[in-house]
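No lab work stands behind these numbers, since they all come straight from the coordinates. If you're wondering where the values come from, they're calculated on a predicted model, not measured in any experiment. Glycine gets a Cβ as well: all are built from the backbone with ideal geometry, and neighbour counts include every protein chain shown.
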Amino acid sequence: MRIATWNCNSIRSRIDRAAALLERHDLDVLLLQETKCRDDQFPLLPLEAAGYQVAHHGLNQWNGVAIVSRVGLEEVQVGFEQMPGFGDPLVSEARAIGATCGGVRLWSLYVPNGREIGHPHYDYKLEWLKVLRDDAERWLGPDGSAQVILGGDWNIAPTDEDVWDPSFFEGKTHVTPPERAAFAAIVDTGYADLVRPYAPGPGTYTYWDYTQLRFPKKQGMRIDFLLGSPSVQARMADAFIDREERKGKGASDHAPVVITLD
DNA sequence: ATGGTTGTTTTACAA
């Protein structure tokens, strides 16, 4: 079973790349973030024609998450329990969708960016992660044996090795101790980074800013992850970051992250 | 040259 996560940065502008990605890697499931469209705007036909079902949650031009599967798509859940909202008044955003595909419980997650340290969005990010941690722990089941994958754009670089220049990020989001602690708290419940053993650092990234020629200069960040419960960890056969997808005209600023389960 | 790029319901804002 092959599963990928990809922040596509608008599915309407990159539906051809998404379809090619499914075919190129023979994917069974694709978790998408930043689809940037409403449900009625999602380009379903090219994916359905390729034999996939789609569960999408999008409210407007911001955020948007989806699960694309050819191994079943059951018990779809939009958002998680007590997921915080943002703004005044509080609005629930399209940042989480869960479904069961081929016996695995999968979540496509788009963690809030945080914008700037001290910004309300930064506090929102930390609270969002805290609530996710509590729910994710319950998803492991009473004996911790459930097959669960938490995939997506986490907007956190867990260690200094996960950014091209730690000094560049001083005073910026994505690398602060509270953000890293929030990420570590989810790992501590029993989830593990499924990809890192197959894609060691340094210099291994999943995102490169569009500006400043960051990609050709290899100046990126590792912020997209597939985290797996222990029973998923035990099935790991292979993993890689599809850096090729970041190349060429019309690429997303994120690369897909792909795993293979036995 | 105080910028440099993408996307969206665009000429503002989010990333």
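Summary table below
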item: Subset of the range A:27-56 [within 14 Å of DNA strand B (Cβ to nearest atom) and either under 14 Å from A:R17 (Cα atoms) or crowded, with 18+ Cβ neighbours inside 10 Å (or both)]; result: A:L32, A:Q33, A:E34, A:T35, A:K36, A:C37, A:F42, A:P43, A:H56
item: Test: residue in the range A:72-85 that is at positive phi and either touching a helix residue (DSSP H, G or I) at 6+ places or on another chain (Cβ under 7 Å) or without any contact (Cβ under 8 Å) to a residue 12 or more places away in the chain (or both); result: yes
item: Residue within the range A:47-60 that is among the polar types (S, T, N, Q) and either touching a helix residue (DSSP H, G or I) at 6+ places or on another chain (Cβ under 8 Å) or under 25 Å from A:V148 (Cα atoms) (or both) present; result: yes
item: Residue within the range A:228-246 that is in contact (Cβ under 8 Å) with a residue 60 or more places away in the chain, more than 16 Å from DNA strand B (Cβ to nearest atom), part of a strand (DSSP E or B) and surrounded by 17 or more Cβ atoms within 10 Å (Cβ to Cβ) present; result: yes
item: The range A:148-166 residues that are without any contact (Cβ under 8 Å) to a residue 60 or more places away in the chain, paired with ones that are within 16 Å of DNA strand B (Cβ to nearest atom) and assigned to a helix (DSSP H, G or I) (beta carbon under 8 Å, 6 or more apart); result: A:V163/A:F169
item: Some residue of the range A:201-221 being among the β-branched types (V, I, T), within 22 Å of A:D26 (Cα to Cα), part of a loop (DSSP other than H, G, I, E, B) and within 16 Å of DNA strand B (Cβ to nearest atom); result: yes
item: Residue selected from the range A:94-121 under the condition part of a loop (DSSP other than H, G, I, E, B), in contact with a strand residue (DSSP E or B) (Cβ under 8 Å, 6 or more places away or on another chain) and under 17 Å from A:A55 (Cβ atoms), by the criterion nearest to DNA strand B (Cβ to nearest atom); result: A:R95
item: Residues that are part of a helix (DSSP H, G or I) and of a type in the set (A, V, I, L, M), drawn from the range A:123-155; result: A:L126, A:L129, A:V131, A:L132, A:A136
item: Qualifying residue in the range A:7-22 (condition: more than 11 Å from DNA strand B (Cβ to nearest atom) and part of a strand (DSSP E or B)); result: no
